[in-house]
Amino acid sequence: MVSRMEQQQREMRRCHPSFKLLLDAGLWAVWEGPLRPSNLTYTIRIVYFPWRVTDGFVIENSHVAVTVVNPAIGLDPRGTKEPAPHIYPNPANPTMPKLCLFDPLADEWGPEQLLAHTIVLWAAQWLFCFEGWQATGHWYGGGRHPGKAEARTPRASVASAALNSRSLVAFHRLGRRTGSTASTTLLSAAAEGTFPPWSWLTLSDDVRAANQSPALSTTDPWRGALDRAA
Amino acid sequence: MNTMSRFARKLADMEPIDILLADVVVRIQLAPSEYRRAVQRADTLADWLDRPDSPLRGRVRLVYPQGSMAINATVARHSERAEHDIDLMAELDLWAGATPREVLDLLYKAIRGERGSRYWDMTERRTRCITITYADGMHLDITPAERRPLTIDRESDIFHSKPEDPREPEQRIAANPHAFATWFDSQTPADDAFGLFFEQRTLDEERMLLAEVATEPVPDQEPAYRKSKALIALQLLKRWRNIVYDRRPGQRRPPSVLLTWSVARNANRTSALVEELTWQANALLDLLAEADGRRQLISVVNPKCRDDVLTDRWPATLADQRQFMGDLREFIREMATLKAAAAQQQMLPVLERLFGERPARDAVAGYFKRAGDQMRSGKGLVLPSGRIPVAATGLAAGATGAQAAPKHTFYGEE
């Protein structure tokens, strides 16, 4: 039986061969690829979590997050002090907001749907409308903005879920699933879409401190063990 | 499979700049309903000239289109006002020894009629024609002509008379605009996929405009609008020339017939509209530069009537010629900027400068709106490269090689 992740990878290869699978961590995957809706070519990144509930813990990330890696959307794309419409802010990198491609309250998409037939196409449409908005100030693709009560920002941190369970067994099970027993910090960084994934060699104390996910506890019992192991 | 489907892939691959340039022309050309109105007005005028008390009764042999009207290359005169010039020839049966002044005065009197007639306040006598100006901005320019004996294909004499300037001699001048138009058409056959695309864009725009007045149904086809890239390039060059010379009131501009001749001679050498436009501007500049290099004024004749000099009134001096050469160099630089533009945000100011703010803005807005409408109705197409095939709007996904994107709602914080 073909797994959900295998299905996604197969269809991405078939429909969008220029997209590269940068990371297959079992529990999540990252693709990057070019889209050229009109004149300009953009590189987009798709971070995909097929499941959010597994082995007794909950992954807090959205099932899918799409950002524009190059050229960056930026904070003021029109030079009018307005951000782009239809985005989620990305606190980790404000110049790379997450594209909002579907209405989560209208069940327009679910993780069982193929990225190649939905998310990638919608991202191309978003970029096309973005160029139209840049040129004219009007967003021609329609859409809606949530009220304040509805607004939700996807929360980061795969590993915070494992921490929250306070279970070493669960943490190591997560590590076997992802193929990595890197620190919570590195897992958080990867989940935020930081790429390439950092290693301990590149991580200074200052960077680790700066990259603390808000969900991580500063009294993390595992952090001490891992730091001592390093 | 219908004709559009046959060309679906070509349409899907059309470059955005070509779509925008074509859309500018859709907005400045004589629309099909306006074309039909012009033809009706010409027919009405012909009947009027032959009315019982007309001084030209029994002398009007034929009224037919000439110039831009004959090749469907008419463009709106001014940058903001949609005024079109419709050129007609009135072939007359004249008496022996008729002078140019007599002929033009007679035609003026025949059109104007008596005080209170429909044309009384609308008519102006000019040096070679009579102009009727309608309230909707259309201008009919009627040039009297007399067939030259023993010639073929409507070769005629037209008449030059400027009573307000006694120094200017009256003249009979050879002309064969009918044969010239036929020659132009033979040099610029309609493109296949591009021609169909332009025809459909014209009809879509027509439907939108007429929906507000709901007077007549828009046909599904209008073959006269299956234009070649060369013809579209000619219309863009004329429009640009109009805008440049609008800033020089009182100065005679390079004649449309010169631009038309140059475009016809250099047609069908490129594969994209933006390339055709650049190529044609360069070809015209080379032509002027070749004459200028010999310190001579350019001189061009009708290839179907060697006595018909197309440049008899412009340029009058080398300064006129060199000024237009400078304009062409600037145009070519602007085209390079346009081609290098990464997005429509950079293209828009160039299009505005070259062709006028209103058609440029409307073309850019229309480009995004058409695709946006498709997205909102769940009919949006996306090619494997991520391209949104605006020119293939309304066609089936399979025919274009695109995927149909499921209906969705953009969301997110404001």
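The values are calculated or read from the model by the stated rules, or taken from the named source; none is laboratory data. Because the structure is a prediction, the values reported are computed rather than measured. FYI the Cβ positions are ideal-geometry reconstructions off the backbone, even for glycines, and counts take in every protein chain you see. In case anyone asks, the SASA skips ligands and DNA or RNA and just uses the protein heavy atoms, side chains included. Shrake-Rupley method; radii C 1.70, N 1.55, O 1.52, S 1.80 Å.
Starting from the range B:129-153, take each residue that is assigned to a loop (DSSP other than H, G, I, E, B) and list its partners that are loosely packed, with under 14 Cβ neighbours inside 10 Å and of a type in the set (K, R), counting only C-beta distances under 7 angstrom and pairs at least six apart or across chains.
Filtered contacts from the range B:129-153: B:G137/B:R81.
Please determine whether any residue of the range B:390-400 is closer than 22 Å to B:M14 by Cα and free of Cβ contacts under 8 Å to residues at least 12 places away in the same chain.
yes
How do the pairs read when you match residues in the range B:328-349 that are within 14 Å of chain A (Cβ to nearest Cβ) and in contact (Cβ under 8 Å) with a residue 40 or more places away in the chain with residues anywhere that are assigned to a helix (DSSP H, G or I) and among the charged types (D, E, K, R), using Cβ under 6 Å and keeping only pairs 6 or more apart or on different chains?
B:Q344/A:E131
Would you say A:G137 is open to solvent by 20 Å² or more (accessible area, probe 1.4 Å) and closer than 19 Å to B:Q344 by Cβ?
Answer is yes for this residue.
B:G380 fails exactly one of the following numbered conditions: (1) surrounded by 22 or more Cβ atoms within 10 Å (Cβ to Cβ); (2) within 14 Å of chain A (Cβ to nearest Cβ); (3) closer than 23 Å to B:L285 by Cβ. What is the number of that condition?
Every condition holds for B:G380 apart from (3).
Out of the residues in the range B:210-243 meeting the condition of being open to solvent by less than 40 Å² (accessible area, probe 1.4 Å) and of a type in the set (K, R), tell me which one is modelled with the lowest pLDDT.
B:K227
Restricting to the range A:48-60, name every residue that is open to solvent by less than 10 Å² (accessible area, probe 1.4 Å) and modelled with pLDDT of 65 or more.
Answer for the range A:48-60, where residues must be open to solvent by less than 10 Å² (accessible area, probe 1.4 Å) and modelled with pLDDT of 65 or more: A:Y48, A:F49, A:P50.
For the range A:114-132, indicate whether the set of residues that are open to solvent by less than 30 Å² (accessible area, probe 1.4 Å), more than 9 Å from chain B (Cβ to nearest Cβ) and outside any helix (DSSP H, G or I) is non-empty.
No - not one qualifying residue is present in the range A:114-132.
What number of residues within the range B:338-348 satisfy the criterion of being assigned to a helix (DSSP H, G or I) and surrounded by 14 or more Cβ atoms within 10 Å (Cβ to Cβ)?
Here is the first cut: in the range B:338-348, the residues assigned to a helix (DSSP H, G or I) are B:338-340, B:344-348.
Subset that is surrounded by 14 or more Cβ atoms within 10 Å (Cβ to Cβ): B:338-339, B:344-348.
Here the count works out to 7.
In this structure, does B:K369 turn out to be within 8 Å of chain A (Cβ to nearest Cβ) and surrounded by fewer than 22 Cβ atoms within 10 Å (Cβ to Cβ)?
So B:K369 fits the description; yes.
Under the condition of being outside any loop (DSSP other than H, G, I, E, B), open to solvent by 20 Å² or more (accessible area, probe 1.4 Å) and modelled with pLDDT of 90 or more, which residue from the range B:383-408 is farthest from the other protein chains (Cβ to nearest Cβ)?
Let us first name the residues in the range B:383-408 that are outside any loop (DSSP other than H, G, I, E, B), namely B:390-392, B:397-400, B:403-404.
Those left that are additionally open to solvent by 20 Å² or more (accessible area, probe 1.4 Å): B:397-399, B:403-404.
Next, only the ones that are modelled with pLDDT of 90 or more stay: B:403-404.
Working: B:Q403: 6, B:A404: 8 Å.
That would be B:A404.
Would a scan of the range A:95-107 turn up a residue that is more than 7 Å from chain B (Cβ to nearest Cβ), open to solvent by 10 Å² or more (accessible area, probe 1.4 Å) and touching a Gly at 6+ places or on another chain (Cβ under 6 Å)?
yes
Can you go through B:R36, B:R118 and tell me which one is in a helix (DSSP H, G or I), out of contact with any helix residue (DSSP H, G or I) (no Cβ under 6 Å at 6 or more places or on another chain) and not aromatic (F, W, Y)?
B:R36
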